[in-house]
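All remarks here apply to the structure that follows.
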Amino acid sequence: MGPIRRPTARKSRMRIAIWFNLPAGGAKRALYTHIKGLVDRGHHIEAWCPPAADRSFLPLSSLITEHVVPLHHGEPPWWPSGRRAALANPRPLMDALLEHSRLCAAAMARGSFDCYLAMTCQYFGSPPIARYLPPPRALYLQEPQRWLYEANPTNPWLAPAFPDSVRERVRYPARVVVGAVRSFRRAQRARFEVENARRFDVLLVNSLYSRESVLRAYGIDAEVCALGVDTERFRPTGRPKDDMVVGVGSLSTQKNAVMLIEAVGHIDRPRPRVQTS
């Protein structure tokens, strides 16, 4: 990453261009509250996104101008699921996202913005938009694509287990070939993600844990920019308390909801209820 060039202190109100490709969830809520706080302080904000970004959950259009730029890569869903996902060639989607980013950056250049802020990309973690933007360029990264780098539940880079039966020995060469292709596809995605991250002038994360995760995955030292709490919305209400364990966020494998259920199962009856939202 290059040196950070910050806007001059004389300009109290800034023009900020934002790029995002987020599903509904906590990252979109963080973006919404970021923008609301900046708008309330008098800054001019405009946002760009591909059609895949969720615009119905906490719509930014209620706060700012939102531009939807095509991403020419077939019809959604743009990425296969299940076993096919690990073997699919990511290059067509990379090329489509690069072209989409180039178009977004060209539109941003016409807006005379003071700085550029990108959010996590739901396809590749770190988006390629910074390749086409002048500094200062910041990325607020919720987390890297952890399934590329972490055991979930097993390490994705492990070779196939050595066969211990005649049947497995017959299948082993095919498993080795499939494993090699899968590893290469992961390496393609990881290379693209890391190169994208290095184009930003600063990476921002929401916790020390995320900072360590980015350092392990990218080799980049990010800055912690903790999320605030809206104390008018999240406050004691005086309502009766209930015995409940609440999980906030999507039920993804890396959040290990199974461990939560097993932990509650070890509590003597009557146990608290488990609820996710």
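The values are calculated or read from the model by the stated rules, or taken from the named source; none is laboratory data. Because the structure is a prediction, the values reported are computed rather than measured. Because the Cβ atoms are built from the backbone with ideal geometry, glycine has one as well, and the counts that use them run over all protein chains shown.
Could you pull out the residue among Pro90, Pro127, Pro153 that is in contact (Cβ under 8 Å) with a residue 40 or more places away in the chain and surrounded by 19 or more Cβ atoms within 10 Å (Cβ to Cβ)?
Details: Pro90 fails: surrounded by 19 or more Cβ atoms within 10 Å (Cβ to Cβ); Pro153 fails: surrounded by 19 or more Cβ atoms within 10 Å (Cβ to Cβ).
Only one candidate passes the filter, namely Pro127.
Looking at the range 210-233, which of its residues are free of Cβ contacts under 8 Å to residues at least 24 places away in the same chain, outside any loop (DSSP other than H, G, I, E, B) and more than 15 Å from Thr120 (Cβ to Cβ)? Selection gives Glu212, Leu215, Glu223, Val224. Filtering the range 164-197 to residues that are over 26 Å from the mean Cα position of the chain (by Cα) and in contact (Cβ under 8 Å) with a residue 24 or more places away in the chain leaves only Val178. The residues listed here are Glu99, Glu75; of these, the one that is at pLDDT 95 or above and either outside any loop (DSSP other than H, G, I, E, B) or farther than 25 Å from Arg211 by Cα (or both) is Glu99.
Within the range 151-169, restricting attention to residues that are out of contact with any Pro (no Cβ under 8 Å at 6 or more places or on another chain) and assigned to a helix (DSSP H, G or I), the residue that is farthest from Asn89 (Cα to Cα) is Val166. Out of curiosity, is Pro92 part of a helix (DSSP H, G or I) and modelled with pLDDT under 95? Answer is yes for this residue.
Report yes if some residue within the range 170-180 is part of a loop (DSSP other than H, G, I, E, B) and loosely packed, with under 14 Cβ neighbours inside 10 Å; otherwise report no. No, the conditions are met nowhere in the range 170-180.
Here the range 22-42 is the region considered, the condition is being surrounded by 17 or more Cβ atoms within 10 Å (Cβ to Cβ) and without any contact (Cβ under 8 Å) to a residue 40 or more places away in the chain, and the residue that is nearest to Thr120 (Cα to Cα) is Lys28. Taking the criterion of being of a type in the set (A, V, I, L, M) and surrounded by 19 or more Cβ atoms within 10 Å (Cβ to Cβ), the only residue of the range 65-77 that qualifies is Leu71.
Ala118 fulfils the conditions (1) without any contact (Cβ under 8 Å) to a residue 24 or more places away in the chain; (2) within 25 Å of Ala226 (Cβ to Cβ) except for a single criterion, (1). Looking across Glu195, Glu212, one residue alone is closer than 22 Å to Met94 by Cα and surrounded by 11 or more Cβ atoms within 10 Å (Cβ to Cβ). It is Glu195.
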